[in-house]
1. Any idea which residue in the stretch 85-126 is surrounded by the most Cβ atoms within 10 Å (Cβ to Cβ), counting only those that are among the aliphatic types (A, V, I, L, M) and farther than 19 Å from Leu68 by Cα?
2. If you take the residues of the stretch 64-84 that are over 21 Å from the mean Cα position of the chain (by Cα) and not small (Gly, Ala, Ser), which of them is surrounded by the fewest Cβ atoms within 10 Å (Cβ to Cβ)?
3. Within the stretch 91-145, how many residues turn out to be among the hydrophobic types (A, V, I, L, M, F, W, C), over 13 Å from Val183 (Cα atoms), touching a Lys or Arg at 6+ places or on another chain (Cβ under 6 Å) and assigned to a strand (DSSP E or B)?
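No value in this document is a laboratory result; all are computed from the given coordinates. None of the values given here were measured: they were computed from a predicted structure. All Cβ positions, even for glycine, are placed from backbone atoms using ideal geometry, and neighbour counts span all protein chains on display.
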Amino acid sequence: MKIRSLLLFAALLFLWESAAYGSGEKNTLEPGAWAQKSFVYVAEKFGIPILRASIRIANGLSEGGRDLYRVQASVNSLNHLGFLFRMNNRFTSTVESETCVPVRYVKEIDQEGLLVPNKRYLQEIIFDFPNKRVIVENGGRKARQEIPLPPDTYDPLSMFARCYLKEELHPGQDIRMSIYDGVKLRQMVSSQGGNG
């Protein structure tokens, strides 16, 4: 349980760009033969809840002959923050169900206020593993970039899906992560504590 909570927290660190402290709660729907799994996390700063984040993994999708999962996340500021802090960010990752290798990652950023930078944009990232690159398209401008990436690179949500659905994690195990979120490539090693 602690390992999964740590992975959820690691995924959320990539989903918003403001420092927050929080405690998480996992809610798994339909165990066994499942159609959807959901997770909820509330972040606090100075003991005050400021953000509510949710992640949902859905199966039963297919595209181009591949079975897929869709992983969706939202990060929302809580209403009492008003003009100081407003965030309504959405993230969607489409991944191959057998391997959790990412196919596409979409970010819809909508945030403003005195305590966060004003940002509003749409970004789509297409993972092209045969050519060891990602193709990044930025919103309405359709400005297109091709960025080389090492193999086994994931977006934050596909990494979360892989760790939650595919990996058998053990206490003391190191988890190596290569994550690209549309901003920069991050190489990380997460060491799990002794009592999983």
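1. So the first thing to find is which residues in the stretch 85-126 are among the aliphatic types (A, V, I, L, M), and the list is 87, 95, 101, 103, 106, 109, 114-116, 122, 125-126.
Of the ones still in play, those that are also farther than 19 Å from Leu68 by Cα are 87, 109, 114-116, 122.
Numbers: Met87: 25, Ile109: 19, Leu114: 11, Leu115: 16, Val116: 17, Leu122: 15.
Looking at residues that are among the aliphatic types (A, V, I, L, M) and farther than 19 Å from Leu68 by Cα, I get Met87.
2. Applying the first criterion (over 21 Å from the mean Cα position of the chain (by Cα)) to the stretch 64-84 yields 64-66, 79-84.
So of that shortlist, the ones also not small (Gly, Ala, Ser) come out as 66, 79-81, 83-84.
Numbers: Arg66: 14, Asn79: 7, His80: 10, Leu81: 18, Phe83: 9, Leu84: 12.
Ranking the candidates gives Asn79 first.
3. Let us first name the residues in the stretch 91-145 that are among the hydrophobic types (A, V, I, L, M, F, W, C), namely 91, 95, 100-101, 103, 106, 109, 114-116, 122, 125-127, 129, 134-136, 143.
Okay, now just the ones that are also over 13 Å from Val183 (Cα atoms), so 91, 95, 100-101, 103, 114-116, 126-127, 129, 143.
Of the ones still in play, those that are also touching a Lys or Arg at 6+ places or on another chain (Cβ under 6 Å) are 91, 100, 126.
Of the ones still in play, those that are also assigned to a strand (DSSP E or B) are 91, 126.
The qualifying residues number 2.
Residue-by-condition table, conditions (1) of a type outside the set (A, V, I, L, M); (2) within 23 Å of Tyr164 (Cβ to Cβ):
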residue	(1), (2)
Ala35	no, yes
Ala73	no, yes
Arg86	yes, no
Val95	no, yes
Val103	no, yes
Ile109	no, no
